[in-house]
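Please read the structure below before turning to the comments.
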Amino acid sequence: MREEVGRRAVVERGKLIEFVVDGEVLPAYVGETIAGALTAAGRRVFRHSEKTGSPRGVFCGIGICFDCLVAVEGLGRVRSCMVEVRPGMRVSLEGRGVAASEDDRATD
């Protein structure tokens, strides 16, 4: 899919697919990260800090900060900015409904 952006820029997007977030079907494009698809769908808060309760979402966008953690069925807790969305993928914000792996680095 091609989208004109401005006068010269063209955005090439992959095939339109769907994935499931906490039971809600959301659109995404092949090649997008989970974080990109969530952000495009208007989702800004992916979880809350286990220590302070403050909202967390995309911060660094390059896999360093762990703020964008989500739980993915079959994968456990992942940095959503580092994992491409797949058709039918089941994602859980806050780790609800999907078994999360134990990862001490993933808590703040």
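The table for this structure:
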| quantity | calculated |
| --- | --- |
| Taking CYS65, CYS60, CYS81 and counting other C-beta atoms within 10 Å, the order from fewest to most | CYS60, CYS65, CYS81 |
| Distant-in-sequence amide H partners of GLU32 (H built 1.01 Å from N, under 5 Å) | VAL85 |
| Exposure proxy ranking, count of Cβ atoms within 10 Å, fewest first, for PHE19, PHE59 | PHE59, PHE19 |
| Ranked list, fewest to most other Cβ atoms within 10 Å of each Cβ, for ARG90, ARG13, ARG47 | ARG13, ARG90, ARG47 |
| Potential extension, LYS15-SER54 segment - 0.36 nm per residue separation minus Cα distance | 10.6 nm |
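Only the coordinates and a few stated rules stand behind these numbers; no lab work does. It should be emphasised that the depicted structure is a prediction, and the values quoted were computed from it without experimental measurement. All Cβ positions, glycine included, derive from the backbone under ideal geometry; neighbour counts span all protein chains shown.
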